[in-house]
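Read through the structure below, which is laid out as structure tokens, and then see the notes.
The values are calculated or read from the model by the stated rules, or taken from the named source; none is laboratory data. Computed from a predicted structure; not experimentally measured. Positions of Cβ are generated from backbone atoms using ideal geometry, with glycine treated the same way; all protein chains shown enter the neighbour counts. All accessible areas refer to the heavy atoms of the entire protein, side chains included, with ligands and DNA or RNA removed. Shrake-Rupley method; radii C 1.70, N 1.55, O 1.52, S 1.80 Å.
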Amino acid sequence: MSSSKPLRCAAALLLLLGSLQAADVSAGSATDDDRRRYDAIFSFGDSFADTGNKPIAFAMFSVPVTVMRPPYGETFFGHPTGRTTDGRVILDLIAEALGLPFVPASLAHDTSFRQGANFAVAGATTLDAEFYHSRDIPAPGSKFPINTSLNVQLEWFESLKPSLCSNVEECKEFFGRSLFFVGEFGVNDYHQSLKKLNLQEIRSLIVPNVIQTILTAIEVLIKADRQARREDIGGSRGDPVGLLAAGADLLRDRARPEDYDPRTGCLKEINELGMHHNALLEDALHELRARHRHAKIVYADFFGPIMEMVQSPRQFGFRDDVLMVCCGGPGRYNYNDSVACGDADATPCQDPSASLYFDGVHLTEKGYRHVADGWLSSIHSAARDSTGFEGKALIHGSIQRFIRPDPRGLTP
């Protein structure tokens with residue numbers, strides 16, 4: 001198998017928590033009534049949601065990034081913003097459709113968070129960094145993962161809460177009209193682990209901890225409007241869902257042609273790990289529904305929209321060679337392990353809107369828009385099916401990710 005084989009596939013879940021006064025809108029339009037339904041958005045996650053935390057967080061650990069170099073951000077903003085795509089991410093498109101401003105990165109302290117904050121950081125793991133460093137994962141002395149885990153992001157949220165509400169009643173009112181995204185965790189946990197552990201070890205050691213951390217985080221956020229301070233996060237070592245990235249390169253070295261899905265080019269055993277993760281999470285969420293009947297749990301899909309675009313690119317206005325990366329280096333699919341988008345040797349495409357993949361890990365804004373439309377539809381369906389429901393909605397869905405190795409560890 002060629003060393004430039006770029007794409008890896010994996011399944012994951014996205015979680016969305018919010019009030020059920022949802023809007024029937026697409027990412028491109030919304031009525032005035034729709035736009036009044038939410039006052040704020042709070043987001044937790046990794047690079048698929050990060051709106052600018054990565055360069056700030058990585059600078060704290062003296063880790064260089066390329067995301068603040070062109071052509072990142074040029075399609076919409078005209079300059080790099082810290083988003084790992086050519087323009088807007090899904091969170092931006094949903095906020096825009098709901099009449100809210102783009103959700104500011106929480107580490108950018110020179111802004112107001114009255115209409116929301118984004119705690120997501122590219123490369124974030126579910127489990128705390130110490131969990132990996134104490135086991136020399138991915139390797140002894142590695143800076144990765146840096147500690148921007150789900151628990152860390154929840155701590156940032158708790159630190160921000162007193163500036164938003166000061167007592168139970170104020171918090172109930174404020175967060176009752178807010179959306180909470182807890183999305184796409186787990187990808188980087190499995191990516192880091194695959195550099196040292198085999199798949200069976202990951203299934204037995206990493207996945208259960210990831211699932212438990214996700215559930216703890218969800219319960220904390222379900223209770224966010226009923227407590228002024230968080231009391232029950234504790235030392236739980238798990239986090240929201242996702243699946244792997246650069247570590248799949250290790251599997252590629254021993255993969256045979258029959259190990260790849262002929263329809264997509266994905267490694268089958270990686271998808272099987274994702275399916276295992278998703279099955280465990282679905283079972284756990286079923287139990288969570290029973291414990292929190294005031295919360296509505298709904299399914300939002302990332303897997304389906306991406307597979308639709310991969311399998312029928314012309315239908316969505318993409319080039320026929322849909323796996324070709326917009327911004328990359330010499331190699332198959334314009335991807336090279338040693339040439340990251342933003343490097344001097346990288347070659348950007350002229351029209352990102354014709355590409356599904358921007359830098360080999362992340363989608364272009366056009367790809368994200370199709371996914372965002374599906375999520376907005378799920379939000380609306382939750383409201384439509386819950387007339388009179390006054391609790392919160394938790395929307396979760398499977399994600400299909402096509403992942404490339406990044407030798408520097410600058411992962412989703």
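What to note about this one:
- Identification of helices (runs of 4 or more DSSP H) wholly contained in segment 207-308 with 3 or more residues that are at pLDDT 75 or above and of a type in the set (V, I, T) yields 207-222.
- Residue under evaluation G183, criteria (1) open to solvent by less than 10 Å² (accessible area, probe 1.4 Å); (2) more than 15 Å from the chain's Cα centre (by Cα); (3) within 30 Å of D39 (Cβ to Cβ), criterion not met: (2)
- Scanning segment 95-117 for residues that are touching a Gly at 6+ places or on another chain (Cβ under 8 Å) and touching a residue at least 60 places away in the same chain (Cβ under 8 Å) turns up A97, L100, V103.
- The number of residues in segment 335-357 being under 23 Å from F76 (Cα atoms), free of Cβ contacts under 8 Å to residues at least 40 places away in the same chain and outside any loop (DSSP other than H, G, I, E, B) comes to 2.
- Residue in segment 120-138 that is of a type in the set (S, T, N, Q), open to solvent by 10 Å² or more (accessible area, probe 1.4 Å) and either within 19 Å of the chain's Cα centre (by Cα) or under 21 Å from V89 (Cα atoms) (or both) present: no
- Check on Q200, out of contact with any strand residue (DSSP E or B) (no Cβ under 6 Å at 6 or more places or on another chain), of a type outside the set (F, W, Y), in a helix (DSSP H, G or I) and surrounded by 17 or more Cβ atoms within 10 Å (Cβ to Cβ): no
- Selected residue (only one of F157, F175 is within 22 Å of the chain's Cα centre (by Cα), at pLDDT below 90 and within 22 Å of D50 (Cα to Cα)): F175
- Single condition G116 does not satisfy, out of (1) within 24 Å of Y72 (Cα to Cα); (2) surrounded by fewer than 24 Cβ atoms within 10 Å (Cβ to Cβ): (2)
- Within segment 332-383, being open to solvent by less than 10 Å² (accessible area, probe 1.4 Å) and of a type in the set (S, T, Y) holds for S355, Y357, T364, Y368.
- Looking only at residues of segment 39-96 that are part of a strand (DSSP E or B), under 18 Å from the mean Cα position of the chain (by Cα) and among the hydrophobic types (A, V, I, L, M, F, W, C), we find that the one that is surrounded by the most Cβ atoms within 10 Å (Cβ to Cβ) is F44.
- Scan of segment 118-131 for residues that are touching a residue at least 40 places away in the same chain (Cβ under 8 Å), within 18 Å of S47 (Cβ to Cβ) and not in a loop (DSSP other than H, G, I, E, B), ordered by number: N118
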